[in-house]
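The values are calculated or read from the model by the stated rules, or taken from the named source; none is laboratory data. Keep in mind that what you see is a predicted model, and the values were worked out from it rather than measured. Because the Cβ atoms are built from the backbone with ideal geometry, glycine has one as well, and the counts that use them run over all protein chains shown.
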Amino acid sequence: MRRRVFLSSSLMAAVAPPLLRVPVAYAAALPTGITDMSASMLSAAIRQRIVSCEEVMQSYLARIARFNPVYNAIVSLLPEETCMALARAADAELAAGRYRGWMHGMPHAVKDLADAEGLPTSRGSPIFAGTMAASDSFMISRIRAQGALFIGKTNAPEFGMGSQSYNQVFGATGSACNPLLTAGGSSGGAAAGLGTHMLPVADGGDLMGSLRNPGAFNNVIGFRPTQGRVPGGTGGDLFYQQMGTGGPMGRNSEDTIRLLTSIAGPAPGNPLSLRDHLPAAENYRSPDLNGLKLGWLGDYSGYLPMEPGVLELCTANLTRLADHGVIVEDCRVDYDMQRLWQTWLTLRHWTRHGMRELYDDPATRRQLKPEVVWEIEGAFDVGAETVYQAGIARADWFRTLEALFTEYDFLLLPTAQVFPFPKTLHWPTSINGKAMDTYHRWMEVVIGGSLAGIPVVNVPAGFDAAGRPMGVQVMGRFGADQRVMEFALAYEAVTGHLEIRPQLVSA
């Protein structure tokens, strides 16, 4: 590297985009190494050739070698010589005047539920362990087009089922804040890779909080876009399976916005992809908080059990916002929440019909974890009328939230009902004395945003006395992805939680 400490205040001004300035508190403690730079700063440093792609790759590979054996965030890592060859080729392109995009030369690991050409897609399952991908998934192709260098995958639970990233193939992923605790899931490896600075940004997907819960458990940003904002491609069912979506994760809101604008946009051949385009990242503005009105949903008026301390930690951030002129009110939803849960079970089970082949073959069924078997078996009793009634219930829920958005700018609630728990525990069986009747009931707090198909961002809420992180979900109106992420910018500046770095454990 040309200069070991290469970020001066003048470089900071050059790197930071004009409308996405780094908070003053952060600027006072400038990064001293490549992996300490935000993805946005790193992008500018590479493009201005302050650092080479080869230097960047060396720094990230060294960090992965130091910390990944403990946190187990990145799996299927390519050999060092292969990664360095990719970096040298990226440097040669820059020297020839060819610049691919803002991720040019940046190491990137793809969530192990998505395909990246030349890398295995194991899906956390021994059935598919080591299966090589012949091409990129649709969202991943957009990331590659921005110049990212794919070096491996990020760990996920088996078939993405469960908000705890453990599987029989690679083991469990630890939280960046404490490697003995779970990183969440299903984008647990992605979030832990960000929180440990082993990755600049990360991709993921969200069906039941899979971008939000890991964001909370690793003190990073996780954003679930509006349904259709990030298309799933043109294969398979294009009309009915509208529950999950791909999305971005970042160490801060700015980086998350940049990745979002890279993967969002209509897809020819996908009829339900949104046709409008998000503006470039430089056009996002941190809004004036004074006068914004927030509805605090909390635990849905006592409906959701919460681990002691979760609500208190989250509401402390509301006080900080109120000090800046934000109007915060307790808010009730006029909806039968048990009906919403039953709707969730029906539609989630319905999505598992596509896995019937694995269940019907005794050889592969034996290799499925019990929770996956339960999900598939739950699909057997889901008939047409049940799905129809669930669709009506889902629409009623959307209309309920739409009515609230006529009164509030955003709706907020905790990201999780429990703090990160030991990664040796598959899932919490009870919360505050209330038994959990399914393996994912403890994450019921996230289904509201998923069923409504609205944009939801996890922003950090801070840490409890034991140092365990928590997050807050910020939900916006359908299609208001830009507004939600702009609020995240303002929230980040006011709270400062993202500036708190964990004490990492090296191998």
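Below are the figures for this structure:
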quantity	calculated
Some residue of the range 228-240 being more than 21 Å from D115 (Cβ to Cβ), buried (at least 24 other Cβ atoms within 10 Å of the Cβ), of a type in the set (A, V, I, L, M) and in contact with a Ser or Thr (Cβ under 7 Å, 6 or more places away or on another chain)	no
Criterion (polar (S, T, N, Q) and touching a Lys or Arg at 6+ places or on another chain (Cβ under 7 Å)) met by exactly one of T495, T438	T495
Unmet criterion (only one of (1) buried (at least 23 other Cβ atoms within 10 Å of the Cβ); (2) touching a Phe, Trp or Tyr at 6+ places or on another chain (Cβ under 9 Å)) for P414	(2)
In the range 160-178, the residues that are crowded, with 23+ Cβ neighbours inside 10 Å and not in a loop (DSSP other than H, G, I, E, B)	G160, G174, S175
Selection count where residues are within 30 Å of I50 (Cα to Cα) and surrounded by 24 or more Cβ atoms within 10 Å (Cβ to Cβ), scope the range 103-114	8
Residues of the range 484-505 that turn out to be more than 19 Å from R468 (Cα to Cα) and either more than 18 Å from the chain's Cα centre (by Cα) or without any contact (Cβ under 8 Å) to a residue 12 or more places away in the chain (or both), as a count	3
Close pairs from the range 392-421: first acidic (D, E), partner assigned to a loop (DSSP other than H, G, I, E, B) and surrounded by 17 or more Cβ atoms within 10 Å (Cβ to Cβ), Cβ under 7 Å, at least 6 apart	D409/L292
Options L321, L311, L340: the member that is of a type in the set (A, V, I, L, M, F, W, C), within 29 Å of W296 (Cβ to Cβ), within 23 Å of the chain's Cα centre (by Cα) and surrounded by 12 or more Cβ atoms within 10 Å (Cβ to Cβ)	L311
Selected residue [touching a helix residue (DSSP H, G or I) at 6+ places or on another chain (Cβ under 7 Å), at pLDDT 95 or above and within 23 Å of C177 (Cβ to Cβ)] from A44, A62, A39	A39
Filtered residue count, the range 115-154, keeping only those that are crowded, with 22+ Cβ neighbours inside 10 Å, farther than 20 Å from M84 by Cβ, in contact with a helix residue (DSSP H, G or I) (Cβ under 8 Å, 6 or more places away or on another chain) and hydrophobic (A, V, I, L, M, F, W, C)	2
Of residues in the range 343-395 being among the basic types (K, R) and within 22 Å of M436 (Cα to Cα), the one farthest from the chain's Cα centre (by Cα)	K369
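Yes/no per residue for (1) more than 24 Å from the chain's Cα centre (by Cα); (2) assigned to a loop (DSSP other than H, G, I, E, B); (3) of a type in the set (F, W, Y):
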{"position": "C83", "(1), (2), (3)": "yes, no, no"}
{"position": "L86", "(1), (2), (3)": "yes, no, no"}
{"position": "D91", "(1), (2), (3)": "yes, no, no"}
{"position": "G97", "(1), (2), (3)": "yes, yes, no"}
{"position": "L113", "(1), (2), (3)": "no, yes, no"}
{"position": "G118", "(1), (2), (3)": "no, yes, no"}
{"position": "P126", "(1), (2), (3)": "yes, yes, no"}
